[in-house]
Amino acid sequence: MTIDTTQVANEVAELVRKARAAQAVFDGYDQAAVDEVVTAVGWAVVNDENNRRLSEQAVADTGLGNVEDKFTKNRRKTLGLLRDLAGAKSVGVIAEHPALGLVEIARPVGVVAAIVPSTNPVATPANKTINALKGRNAIILAPSPRGQNVCAALIEAIHVELDRVGAPRDLVQKLPSPVNKAHTHELLKQADLIVATGSQSNVRAAYSSGTPAVGVGAGNVVSIVDETADPVAAAGRIVKSKSFDNATSCSSENNLIIVDAVYDAVMDALANEGAHRLDASGKQRLEDALWKGGGLNPRLIARNADEISRAVDLDAPDGTRVILVEESGYGPDHPFSGEKLSPVLTVYRANDYEHAKQIAVGIMDYQGKGHSLGLHSTRDERAMDIGLNLPVCRVIVNQVHCYATGGSFDNGLPFSLSMGCGTWGRNSISDNMNYRHYLNTTRISRAIAPNEPTVSDIFGDYWQRHHIG
C-alpha cells in the first residue's frame, strides 16, 4: 500500500498541535495541581475495575502473557511509581545550593513521543505517561499494532480522570489506528523528546530520528547461583521471576549459571518449584520450534510452559512453570544463550565463581550487555566484585529478579519498565528511566566568594611525587 507522506505528516502535526496547546495550559500548573493530575492518571490504572478490563484486553489483543500477572504488574508498577513521585519536586525551584550560588528550576521538555511494546501494553504506557505528566509535559503514545486497541482503552480511562480534575484531555493522546511505521517515524521527528522501549530496531530508529531520545537496551538477564547460596531459596526466586507473566519482562532471567558444588541441589530445587529439564532430543525440538526465519517464533513467545510443551511435544508434566535447557556454549551458534521471551531458562554449569563470571561475560557480549545480573550468594563482597568488573548497570542480590530490577517495595531502585543499559547497551542512560529524564533543568548562577587555587595548590603533591622543579 502506498503511503501518502504528506497526509501522514499533517495527521501527526495535528496531534502535536493539540498536545502543545494542552501543554501550554499545563505549564501554568503549580506542584500541587500537577500532583493531582499524576494521582488521577494513576487511579485510572490502579482502579480494580479498569485494571481488570485492561489486563484482559491486553492478553486478548496481543496473545502475550496472562491476565492475573498483568493485573498484578499494572497495579504494582503504578503504585510503586506513585510512591516514588510523592513529594518529588518537578515544578519551579527544585534545589538550592547557597554555598555554590546555584538555584535549579525544573522545566518541561514539551511534547513526548513514547514508543511502547506489545509485551506490556498497559503498564509501560501508564508508567511513561505518569512520568511525563509529573514534569508538566504532554505525551503521544506510539503503541505496537497488537497493542493499539488496549492503548486506546487505557487513554479513555485516563481521559475520564483528567476530566474529573479539569485537566486538558490532549495531554495524553495516541497515534491514530491502524498504527503504522510511517506515523510512528513522523511522530519521532515532530516531538520534543522520545522515550523508547521495545525492540532494538525501535530504539535505533529513535536515536537516529534527529530528536533527543532516551532508549533502553536489550534484555538477556544472566543470574549466578554460587556455592554459598541456599538452593531452595534461590530456586524459588528464580522460578517465580521466570514464570511471571510468561516471561514477557526484559528483566526475566534467560540464563542461569550454577556453580558445580551446588549444581545438583539447585536443579533438584528447581524441579520442586515446577521446572522441567529437557533431554537432548527435547532441546532440539524446542530449538527448531522456538526460532523461525531468523527470529523468535511469535506463536510461542510469552506462552506458558504447558502451552509450549503441548505445541512442541515436550512431554513436560502438566503444571510445569519453567522449561530448563542445559547449555555450554554461547553466541549466534547457540540460540538458547539469547533472550527467549518465554518461560524457557538456559542453564550452565560453572566450575566455580570465577568461571561463572567468565560465562556471564560471554553471554552478555552476545546479547544483553549492560542490562542486569542476578546474584544468589551469601558472600556480599561478590556483588561489589561484579559491580566493579562486569558490564552491567544493575546487580540484583538475592531477589526475585523481574520484580527487583524495575523497582520494588523492598529495594531502592526507581519503579520503571524501561531499564537503561549505559554505553554497554548503546544507551544514553544507565539507570531506570524515571521522571527526571522528562525534565529540562534551568540553573541560576550568582557570584560567590572566589575560590581560585594557586598552581602549587593543584600540582604541589604531583611535583613532589615526580621530582619536578
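The conditions are (1) within 25 Å of ASP306 (Cα to Cα); (2) of a type outside the set (Val, Ile, Thr); (3) out of contact with any Gly (no Cβ under 7 Å at 6 or more places or on another chain); (4) assigned to a helix (DSSP H, G or I), and LEU154 fails exactly one of them. Which is it?
So the condition that LEU154 fails would be (1).
State whether one or more residues within the range 276-293 are modelled with pLDDT under 95, within 26 Å of the chain's Cα centre (by Cα) and either over 22 Å from CYS421 (Cα atoms) or in a loop (DSSP other than H, G, I, E, B) (or both).
The answer is yes; a qualifying residue exists.
Give the residue, chosen from SER281, SER337, SER309, SER342, that is more than 29 Å from VAL361 (Cβ to Cβ) and either crowded, with 21+ Cβ neighbours inside 10 Å or not assigned by TED's automatic domain parsing to the domain that holds GLY374 (or both). Show your work before the answer.
Working: SER281 fails: either crowded, with 21+ Cβ neighbours inside 10 Å or not assigned by TED's automatic domain parsing to the domain that holds GLY374 (or both); SER337 fails: more than 29 Å from VAL361 (Cβ to Cβ); SER342 fails: more than 29 Å from VAL361 (Cβ to Cβ).
That would be SER309, the only listed residue that is more than 29 Å from VAL361 (Cβ to Cβ) and either crowded, with 21+ Cβ neighbours inside 10 Å or not assigned by TED's automatic domain parsing to the domain that holds GLY374 (or both).
From the residues in the range 162-173 that are surrounded by fewer than 20 Cβ atoms within 10 Å (Cβ to Cβ) and among the charged types (D, E, K, R), which one is farthest from VAL112 (Cα to Cα)?
Applying the filter and picking the extreme gives ARG164.
Which residue pairs have Cβ atoms closer than 6 Å, lie 6 or more positions apart in sequence or on different chains, and pair a first residue in the range 356-384 that is of a type in the set (D, E, K, R) with a second residue that is not in a helix (DSSP H, G or I)?
Qualifying pairs under 6 Å: LYS369/PRO391; ARG379/THR228.
Looking at this structure, is VAL67 β-branched (Val, Ile, Thr), surrounded by fewer than 18 Cβ atoms within 10 Å (Cβ to Cβ) and without any contact (Cβ under 8 Å) to a residue 60 or more places away in the chain? Step through it out loud before you land on a result.
Numbers: β-branched (Val, Ile, Thr): yes; surrounded by fewer than 18 Cβ atoms within 10 Å (Cβ to Cβ): yes; without any contact (Cβ under 8 Å) to a residue 60 or more places away in the chain: yes.
It is true that VAL67 is β-branched (Val, Ile, Thr), surrounded by fewer than 18 Cβ atoms within 10 Å (Cβ to Cβ) and without any contact (Cβ under 8 Å) to a residue 60 or more places away in the chain.
Being touching a helix residue (DSSP H, G or I) at 6+ places or on another chain (Cβ under 9 Å) and closer than 26 Å to LEU100 by Cβ is the filter; apply it to the range 452-468 and report the residue that is surrounded by the fewest Cβ atoms within 10 Å (Cβ to Cβ).
Step one: of the range 452-468, the residues touching a helix residue (DSSP H, G or I) at 6+ places or on another chain (Cβ under 9 Å) are 454, 456, 463, 468.
Checking which are closer than 26 Å to LEU100 by Cβ leaves us with 454, 456.
Values: THR454: 8, SER456: 10.
Checking each candidate, the answer is THR454.
Mind telling me which of the residues SER177, SER90, SER118 ends up being assigned to a loop (DSSP other than H, G, I, E, B), crowded, with 24+ Cβ neighbours inside 10 Å and either of a type outside the set (Val, Ile, Thr) or more than 23 Å from the chain's Cα centre (by Cα) (or both)?
Answer to the check: SER118.
Quick test for you: out of ARG164, ARG107, ARG146, ARG204, pick the one residue that is not acidic (Asp, Glu) and not in a helix (DSSP H, G or I).
Within the list ARG164, ARG107, ARG146, ARG204, the selection yields ARG107.
Sort out which residues of the range 212-239 are farther than 23 Å from PRO121 by Cβ and either in a helix (DSSP H, G or I) or modelled with pLDDT under 95 (or both), and write them in order of number.
Residues satisfying the conditions are PRO212, PRO231, VAL232, ALA233, ALA234, ALA235, GLY236, ARG237, ILE238, VAL239.
Take the residues of the range 354-381 that are part of a helix (DSSP H, G or I) and buried (at least 22 other Cβ atoms within 10 Å of the Cβ): which is nearest to the chain's Cα centre (by Cα)?
In this case the residue turns out to be MET364.
If LYS283 satisfies every condition in (1) on the phi > 0 side of the Ramachandran plot; (2) touching a residue at least 12 places away in the same chain (Cβ under 8 Å) but one, which is the exception?
Checking LYS283 against (1) on the phi > 0 side of the Ramachandran plot; (2) touching a residue at least 12 places away in the same chain (Cβ under 8 Å), the one that fails is (1).
Would you check if ILE396 is closer than 30 Å to ILE308 by Cα, crowded, with 21+ Cβ neighbours inside 10 Å, in contact with a helix residue (DSSP H, G or I) (Cβ under 7 Å, 6 or more places away or on another chain) and touching a residue at least 24 places away in the same chain (Cβ under 8 Å)? Can you show your working first?
Details: closer than 30 Å to ILE308 by Cα: yes; crowded, with 21+ Cβ neighbours inside 10 Å: yes; in contact with a helix residue (DSSP H, G or I) (Cβ under 7 Å, 6 or more places away or on another chain): yes; touching a residue at least 24 places away in the same chain (Cβ under 8 Å): yes.
Criteria met by ILE396.
Suppose the filter is more than 21 Å from VAL179 (Cβ to Cβ), in contact with a strand residue (DSSP E or B) (Cβ under 9 Å, 6 or more places away or on another chain), assigned by TED's automatic domain parsing to the domain that holds GLN190 and surrounded by 17 or more Cβ atoms within 10 Å (Cβ to Cβ); does VAL109 pass it?
Spelling it out, VAL109 is indeed more than 21 Å from VAL179 (Cβ to Cβ), in contact with a strand residue (DSSP E or B) (Cβ under 9 Å, 6 or more places away or on another chain), assigned by TED's automatic domain parsing to the domain that holds GLN190 and surrounded by 17 or more Cβ atoms within 10 Å (Cβ to Cβ).
Would you check which residues across the range 135-167 are closer than 15 Å to LEU193 by Cα and not small (Gly, Ala, Ser) and list them?
ARG136, ASN137, ILE139, ILE140, LEU141
Could you list, in sequence order, all residues of the range 294-316 that are free of Cβ contacts under 8 Å to residues at least 12 places away in the same chain and over 13 Å from PRO335 (Cα atoms)?
Kept after step one, since they are free of Cβ contacts under 8 Å to residues at least 12 places away in the same chain, are these residues of the range 294-316: 294-295, 297-298, 307, 310.
The answer is PRO298, GLU307, ARG310.
For the range 180-223: of the residues being more than 21 Å from the chain's Cα centre (by Cα) and basic (Lys, Arg), which is farthest from ILE238 (Cα to Cα)?
Across the range 180-223, the extreme among qualifying residues is LYS189.
The values are calculated or read from the model by the stated rules, or taken from the named source; none is laboratory data. Treat the numbers as computed from the prediction; the structure is a model and nothing was measured. Cβ: placed from backbone, ideal geometry, glycine included. Neighbour counts: every protein chain shown.
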